[in-house]
Amino acid sequence: MNSDLEQKQPNCSTKNNMKRKTGGLLGILILLQYLGSIRADPDPLQDFCVASTSTSTTSQPFFVNGAPCINPAQALPVHFMTSVLSKPGNTSANPFGFNVTLTNTRNLPGMNTQGLTMARIDIAANGLVPPHSHPRASEVTFLLKGNLLVGFVDTSNRLFTQQLREGDSFVFPRGLIHFLYNLQSSPALCVSGLNSQNPGAQLAAIATFATNPSILNDVLKKAFQVSEKDVARIRKNLGG
Ligand SMILES: *[C@@H]1O[C@H](CO)[C@@H](O)[C@H](O)[C@H]1NC(C)=O
Ligand SMILES: *[C@@H]1O[C@H](CO)[C@@H](O)[C@H](O)[C@H]1NC(C)=O
């Protein structure tokens, strides 16, 4: 709005106007610095680094941050495509009723070092992707089918929540706890882009009550203000 105003009064270069301009410039610089600091993965130093999917650790003489590249002369178009997101995941394989299928350097070797991942998220009728976070990526999700209640919580514990309809998108900022809940009695489907080739995921419930080895009961009793019995029950329900 400020810049609009300035454009409409090009001849009015008062001191105030200058101050506003330098203030705006400073703001842009701070914003750029901020955007730089939340960049998820390091920039690639070559056109591509098609991941070597060789699983033998003995033939791998060194380890890098990501996966080593194959010889660029041996890269093929097929290294840059995958059908892994074409099939729905099995939403009955966990008690929450969701399944996430991810691209990774094994099923899509061409994405290595590009700083991105795609995810297919299938959510059964009334299923839930329980509160979780991605330590290395921001996420934007696009709802292809269904009706979802989504939300994230910021570090001051403020909840940002929205109801999404088909065609809507929603951003989950990097590292913040978020969830996706299917409000309908039919399956939902969304596709997410994440700005890391290895976003990582921590489910809050699992990362507390179903860890290996278990967190001391007294810690969970105090943290959640519940009894020994409650801890045992939650553990059992979550398969911990
Ligand atoms: C997702 O579905 C696949 C099969 O489609 C299954 O092997 C996998 O265990 C499921 N994952 C979860 C977390 O339920
Ligand atoms: C999905 O997972 C459940 C539980 O693990 C299993 O009983 C069922 O056969 C699986 N369905 C498919 C299509 O793989």
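The values are calculated or read from the model by the stated rules, or taken from the named source; none is laboratory data. Remember, it's a predicted structure, so these values are computed and weren't measured experimentally. Positions of Cβ are generated from backbone atoms using ideal geometry, with glycine treated the same way; all protein chains shown enter the neighbour counts. When the accessible area is computed, the model is the full protein with side chains, heavy atoms only, and any ligands, DNA or RNA have been set aside. Shrake-Rupley method; radii C 1.70, N 1.55, O 1.52, S 1.80 Å.
Of note:
- Gain upon complete extension [SER54, ASN126; 0.36 nm per residue less C-alpha separation]: 21.9 nm
- Between ARG106 and VAL84, the modelled labels are 0.8 nm apart [label points 7 Å from Cα along Cα→Cβ].
- Positive-end residue of GLY151, GLN74, ALA204, charge dipole of the stretch 72-209 with Cβ unit charges: GLN74
- Coordinate range along principal axes, alpha carbons of the stretch 96-159, Å, largest first: 36, 32, 19
- Using a probe of 1.4 Å, the accessible surface attributed to ARG136 totals some 100 Å² when neighbouring protein chains are kept in position.
- Counting only Cβ charges, +1 for Lys and Arg and -1 for Asp and Glu, the dipole size of the stretch 77-167 around its Cα centre is about 120 debye.
- Near SER138, the amide H atoms lying under 5 Å from its own belong to ARG174, ASN195; only residues 5 or more places off or on other chains count, and H is placed 1.01 Å from N.
- Inter-label distance, nm, simple model (7 Å from Cα along the C-beta direction), SER186/ASN212: 3.9
- Taking amide H as placed 1.01 Å from N in the peptide plane, the amide H of LEU164 sits under 5 Å from that of LEU148, LEU149, VAL150, each at least 5 places away or on another chain.
- With a cut-off of 13 Å on the backbone N, the residues of the stretch 171-186 near the modelled label site 7 Å out from THR161 along Cα-Cβ are 178-183.
- What the Kirkwood sum gives for the stretch 72-209 is a hydrodynamic radius of 15.5 Å, with every pair of different alpha carbons counted.
- Fully extending the segment from ASP43 to LYS145 would add 33.3 nm, taking 0.36 nm per residue of separation and subtracting the current Cα-Cα distance.
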